[in-house]
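Chemist: Structure in structure tokens, see below.
Quick note: the coordinates plus some simple rules give every number you see, no bench work behind them. Just so it is clear, the structure is predicted and the values come from calculations on it, not from any experiment. With ideal geometry, Cβ positions are generated from the backbone for all residues, glycine too; neighbour counts draw on all protein chains shown.
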DNA sequence: TATTGTTATACTCTATAACTATA
DNA sequence: TATAGTTATAGAGTATAACAATA
């Protein structure tokens, strides 16, 4: 966690915020509840998270065309720009982890063991 | 975490509480601040934890002989009994993890990779 | 002056219930 | 009747500041 925050300090994003931006980028226009559910976040807790991202002008809530209850989520241009910076931060972070583990082979072993443990 | 709580539900102990009981058992008479520091818990947060364990009659705070500021920590007889049950729960939990990982060799690899990642 | 235990406080993460407006 | 977003609230976990008693 400390290392993640170190690498992501340039974009001021926490893990959850990064995952939200990345998921909206790949699924623009989805409902709040869909994005929240996909990340295992309860919709009640997702509201303040989206308020924060919107307050930082990274995301937009537009009214959905079919269902007037829903909010369709989109990234703003600044949101897309920040996401690009964040992706570079993630690449650095992963390279850091890869080096600590001792290479791609060790990383694959590690991920395989993790998935066994949590299956 | 879910699996830990499943195995430890018989003793109603959370990870931190188990580690506190185990550490006091191996170091009876140590000060609150020593036990807290050894577990990386701040002494301010350790107070309510010890209040709870004492309220369940698992630990005792006795006045230290040399330093009247300190509390020397001990397990009660019930505390020792519960710790024995908890140790069986831990053995079950570890056996569960071992089986998921695929044996002792896989576990040793996993722990080696973990220590590389967090070194 | 410094340390021990303590209280108060605050911030994050997570969980549930209930409200509103829509469907 | 059910769903989407929201609000309020509560419980853990963790962090800091400050106080009284003692060293």
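Chemist: Calculate the tail of P(r) for chain B: the fraction of all Cα-Cα distances greater than 22 Å, expressed in %.
Modeler: The calculated P(r) of chain B puts 44 percent of pairs beyond 22 Å.
Chemist: Could you check the spin-label model distance between residue A:47 and residue B:19? Points 7 Å from the Cα along Cα→Cβ, value in nm.
Modeler: Going by the 7 Å Cα→Cβ label model, 3.6 nm.
Chemist: Quick one: with label points 7 Å out along Cα→Cβ, list the inter-copy distances for residue B:64 in nm, shortest first?
Modeler: Result for residue B:64, in nm, nearest copy first: 6.1.
Chemist: Here is a follow-up. In degrees from 0 to 90, rounded to the nearest 10, what is the angle of the helix A:77-101 Cα long axis to the longest principal axis of chain A?
Modeler: 20 degrees
Chemist: For the protein assembly as shown, what is Rg from Cα atoms divided by 2.2 N^0.38 Å, rounded to two decimals?
Modeler: Cα-based Rg divided by the globular estimate yields 1.35.
Chemist: Follow-up. List the distances, in nm and shortest first, from the label point of residue A:33 to the matching label points in every other copy, placing each point 7 Å from Cα along the Cα-to-Cβ direction.
Modeler: 5.4
Chemist: If I take R0 = 25 Å and measure r between the Cβ atoms of residue B:2 and residue B:111 in this structure, what FRET efficiency does the formula 1/(1 + (r/R0)^6) give, to the nearest 0.05?
Modeler: It comes to 0.75.
Chemist: Follow-up. Using a label point 7 angstrom from Cα along Cα-to-C-beta, what distances in nm, from shortest up, separate residue B:116 from the other copies?
Modeler: For residue B:116, the inter-copy label distances come out at 1.6 nm.
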